[in-house]
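Report on the structure given below.
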Amino acid sequence: MSKSPEILILNGPNLNMLGIREPNIYGYETLADIEELCSQRAISHGLKVNFKQSNFEGEIVADIQSASGAAAGIIINGAGYTHTSIAILDALKISELPVIELHLSNIHAREAFRHHSYIAKAATGIICGFGAHGYVLAIDAMARLIECAD
Ligand code: CA2
């Protein structure tokens, strides 16, 4: 039996606090709840997920570099680094993998500094504003992208 293709799901700084603070913006689900949601959805597409969170920019860059050859695509909620990190943008471009940018909140309905995303320049598409369900939507979209790439 052939191995299930892997999707790397990256979560940036402070997302380890989900479900603990600011549920009015980010919802009540914890990151562990979201990981479980993702694993189940991936299985339904014959995929598996490598689900990670880091508070460190360099670690996220290293994870993206490791994905080349190992993962079929990257879903990334870069959190605060979305709006600041050229290093993460460069790593995503270098990977040459399909990328989906994801946010729990609708960043365009929030403060002006959240309206610009560096990650968007490397992304096939962006999902934002659907809370934890956005991760499910992103996996569905990635499954379609990977299928099309075959
Ligand atoms: O909406 C999103 O998913 C964001 O990526 C979340 C980031 C924010 O900087 C982006 O503009 C949009 C913030 C993540 C912080 O996570 C928290 C979790 C619990 C409580 C407070 C913050």
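Residue pairs, Cβ under 9 Å, 6 or more apart or interchain, first in segment 103-116 and free of Cβ contacts under 8 Å to residues at least 12 places away in the same chain, second within 8 Å of the ligand (Cβ to nearest atom). List them.
Taking only residues 6 or more apart or on different chains, the pairs are R110/I25; H115/H83; H115/I107.
Are any of the residues in segment 69-78 assigned to a helix (DSSP H, G or I), of a type outside the set (D, E, K, R) and surrounded by fewer than 19 Cβ atoms within 10 Å (Cβ to Cβ)? Please lay out each step first, then the result.
Of the residues in segment 69-78, the ones assigned to a helix (DSSP H, G or I) are none.
Checked against the condition, which is being assigned to a helix (DSSP H, G or I), of a type outside the set (D, E, K, R) and surrounded by fewer than 19 Cβ atoms within 10 Å (Cβ to Cβ), segment 69-78 yields no hits at all.
Quickly run through segment 17-63 and pick out the residues that are aromatic (F, W, Y), surrounded by fewer than 18 Cβ atoms within 10 Å (Cβ to Cβ) and closer than 20 Å to L137 by Cβ. Even if it seems obvious, please write down each step before you answer.
Looking only at segment 17-63, we keep the residues that are aromatic (F, W, Y), and these are 26, 28, 51, 56.
The next check asks that each one be surrounded by fewer than 18 Cβ atoms within 10 Å (Cβ to Cβ); those that pass are 28, 56.
Once the filter is applied, which keeps residues that are aromatic (F, W, Y), surrounded by fewer than 18 Cβ atoms within 10 Å (Cβ to Cβ) and closer than 20 Å to L137 by Cβ, segment 17-63 yields only Y28.
How many residues does segment 111-148 hold that are over 17 Å from L92 (Cα atoms) and of a type in the set (G, A, S)?
Summing the residues that are over 17 Å from L92 (Cα atoms) and of a type in the set (G, A, S) in segment 111-148 gives 7.
Any chance segment 90-109 includes a residue that's within 16 Å of the ligand (Cβ to nearest atom), exposed (fewer than 13 other Cβ atoms within 10 Å of the Cβ) and assigned to a helix (DSSP H, G or I)?
yes
Checking the structure you have, find out if any residue of segment 131-141 is outside any helix (DSSP H, G or I) and closer than 19 Å to I64 by Cα.
The answer is no, given that none of the residues of segment 131-141 is outside any helix (DSSP H, G or I) and closer than 19 Å to I64 by Cα.
Name the residues in segment 1-42 that are among the hydroxyl-bearing types (S, T, Y), near the ligand (Cβ under 10 Å from one of its atoms) and assigned to a loop (DSSP other than H, G, I, E, B), would you? Give the derivation first.
Applying the first criterion (among the hydroxyl-bearing types (S, T, Y)) to segment 1-42 yields 2, 4, 26, 28, 30, 39.
Next, from what is left, pick out any that are near the ligand (Cβ under 10 Å from one of its atoms): 26, 30.
Passing the criteria: only T30.
Give me the residue from segment 110-126 that is touching a Ser or Thr at 6+ places or on another chain (Cβ under 9 Å) and outside any loop (DSSP other than H, G, I, E, B) and, out of that set, farthest from the ligand (Cβ to nearest atom).
Kept after step one, since they are touching a Ser or Thr at 6+ places or on another chain (Cβ under 9 Å), are these residues of segment 110-126: 114, 116-120, 122-123, 126.
Subset that is outside any loop (DSSP other than H, G, I, E, B): 114, 119-120, 122, 126.
Numbers: R114: 4, I119: 10, A120: 12, A122: 16, I126: 11 Å.
Applying the filter and picking the extreme gives A122.
FYI, it's all coordinate maths here, none of it is from the lab. These numbers come from a predicted model, not from an experiment. FYI the Cβ positions are ideal-geometry reconstructions off the backbone, even for glycines, and counts take in every protein chain you see.
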